[in-house]
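Report on one structure; see the data block that follows.
The values are calculated or read from the model by the stated rules, or taken from the named source; none is laboratory data. The shown structure was predicted, so the numbers you read here are calculated from the model rather than taken from an experiment. When we count neighbours, we look across all protein chains shown, and the Cβ atoms used for this are built from the backbone with ideal geometry, even at glycine.
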Amino acid sequence: MIIPILLVAAGFVTLIFGANWVVDGASSLAKKYNISDLVIGLTIVAFGTSAPELVVNSIASINGYSDIVLGNIIGSNNFNLFIILGITGLILPIKVQSSTAWKEIPISLLISVLLLFLLNDFIFSGTTYSSRIDGLILLVLFGFFLFYVFCQVKTEPQNITAENKKTTLKIIGLIIFGLVGLILGGQLVVIHSVKIANTLGISEKIIGLTIVAAGTSLPELVTSVVAAVKKNSDIAIGNVIGSNIFNILLILSISSIIQPIEYNPKFDLDLYILIGGTVFLLTSMWTGQRKKLDRWEAGFLFGFYMIYTIYLVMNEV
């Protein structure tokens with residue numbers, strides 16, 4: 001029992017280092033072309049910090065652990081929304097750009113609602129699976145989202161000197177080492193989390209929603225907290241909203257295409273909480289100080305998640 005726990009912990013550490021290298025490398029490349037912090041947060045940083053979820057879910061999907069797949073995605077999105085924005089907002093009230101308040105947050109809300117309908121499409125198709133067709137639908141929507149984001153990018157091409165080329169090679173090396181770390185860490189987390197669940201008699205659903213979700217969301221937590229300390233609200237909010245969109249549109253789509261995912265209707269409550277939390281975030285943009293997540297609102301998000309986690313654990317016992 002102790003060895004699987006240590007190996008899961010080692011997996012999380014490897015995931016964090018791997019994601020950090022990927023984010024550093026990708027962000028450095030983007031900075032060469034003067035891409036804005038918000039766009040970097042919504043795309044490169046969001047993808048890099050969502051990479052652990054992608055690797056863990058791909059491995060879980062290949063092995064048929066449907067509850068780990070869904071628990072990780074839904075749980076990670078809830079962790080991002082309630083814990084990361086909660087902690088970040090307590091450190092520094094988060095100022096939100098108009099485009100985020102009017103576009104990115106509503107997009108995240110609509111995607112969460114769409115996920116609820118796709119996963120409960122037994123009403124229309126008689127199945128409770130996230131099918132390959134569902135995965136393709138999400139992947140197409142992800143393409144539209146990327147197109148929307150990159151339409152906002154204004155670049156100023158720069159001449160690449162020999163020194164820049166050398167730096168670029170180092171950056172690419174960072175990205176490659178980061179990806180290797182993500183793959184190894186993901187293997188450790190999935191395999192040994194399932195062993196822990198089997199040993200303790202805990203469902204894969206709870207393991208996915210809590211331990212795996214929190215562990216794979218650590219890169220988002222570290223990134224957003226550091227951004228808040230440096231008073232960079234754009235990276236902090238862009239990372240969370242971007243990661244939540246990536247998790248559903250990209251990670252679930254790939255997981256479903258690899259292998260159709262059986263849906264456990266017990267996840268409906270967790271999806272309702274995700275949707276409700278996103279509605280709260282959207283509403284907070286228009287209360288108190290406009291387009292800002294105030295400390296009391298951040299505290300509410302954090303406190304609600306604590307109650308929700310206690311409920312999950314008590315309901316499992």
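Just one of 294, 234, 270 is of a type outside the set (A, V, I, L, M, F, W, C), surrounded by 15 or more Cβ atoms within 10 Å (Cβ to Cβ) and modelled with pLDDT under 85; which is it? Spell out how you get there, then give the answer.
Details: 294 fails: modelled with pLDDT under 85; 270 fails: modelled with pLDDT under 85.
One residue alone meets the criteria, 234.
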Among the residues of region 65-87, write down those that are at pLDDT 90 or above and hydroxyl-bearing (Ser, Thr, Tyr). 76
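Here are 262, 297, 316: which of them is in contact (Cβ under 8 Å) with a residue 60 or more places away in the chain and within 25 Å of residue 117 (Cβ to Cβ)? Talk me through it step by step, then tell me what you get.
Values: 297 fails: within 25 Å of residue 117 (Cβ to Cβ); 316 fails: within 25 Å of residue 117 (Cβ to Cβ).
None of the other options fit; the residue is 262.
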Restricted to region 134-155, and to residues that are modelled with pLDDT under 90 and in a helix (DSSP H, G or I), which residue is surrounded by the most Cβ atoms within 10 Å (Cβ to Cβ)? 134
Looking only at residues in region 117-133 that are farther than 24 Å from residue 276 by Cβ and either in contact with a Ser or Thr (Cβ under 9 Å, 6 or more places away or on another chain) or of a type in the set (Ser, Thr, Tyr) (or both), which one is modelled with the lowest pLDDT? 125
How many residues does region 208-237 hold that are among the charged types (D, E, K, R) and assigned to a helix (DSSP H, G or I)? 2
Residue that is nearest to residue 77 (Cα to Cα) [pool: residues in region 187-207 that are outside any helix (DSSP H, G or I) and not aliphatic (A, V, I, L, M)]: 203
Sort out which residues of region 237-266 are of a type outside the set (Asp, Glu), farther than 28 Å from residue 31 by Cβ and surrounded by fewer than 24 Cβ atoms within 10 Å (Cβ to Cβ), and write them in order of number. 253, 257, 258, 259, 260, 263, 264, 265, 266
Has region 50-60 got at least one residue that is of a type in the set (A, V, I, L, M), over 24 Å from residue 24 (Cα atoms) and modelled with pLDDT of 90 or more? no
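Anything in region 268-292 that is out of contact with any strand residue (DSSP E or B) (no Cβ under 9 Å at 6 or more places or on another chain), of a type outside the set (Val, Ile, Thr) and within 16 Å of residue 244 (Cβ to Cβ)? List them, or say none. Steps first, answer last, please.
Just the residues of region 268-292 that are out of contact with any strand residue (DSSP E or B) (no Cβ under 9 Å at 6 or more places or on another chain), to begin with: 268-280, 282-283, 286-288, 290.
Next, from what is left, pick out any that are of a type outside the set (Val, Ile, Thr): 268-272, 274, 276-277, 280, 282, 286, 288, 290.
Listed by number, the residues that qualify are 270, 271, 272, 274, 276, 277, 280, 282.
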So which residues in region 247-267 are modelled with pLDDT of 90 or more and either aliphatic (A, V, I, L, M) or under 16 Å from residue 44 (Cβ atoms) (or both)? 247, 248, 249, 250, 251, 252, 254, 257, 258
Residues of region 187-214 being crowded, with 21+ Cβ neighbours inside 10 Å and among the hydroxyl-bearing types (Ser, Thr, Tyr), in sequence order, are 193
Under the condition of being in contact with an Asp or Glu (Cβ under 8 Å, 6 or more places away or on another chain) and surrounded by fewer than 18 Cβ atoms within 10 Å (Cβ to Cβ), which residue from region 93-116 is modelled with the highest pLDDT? 116
Can you tell me which of 301, 281 is outside any strand (DSSP E or B), modelled with pLDDT of 95 or more and surrounded by 19 or more Cβ atoms within 10 Å (Cβ to Cβ)? 301
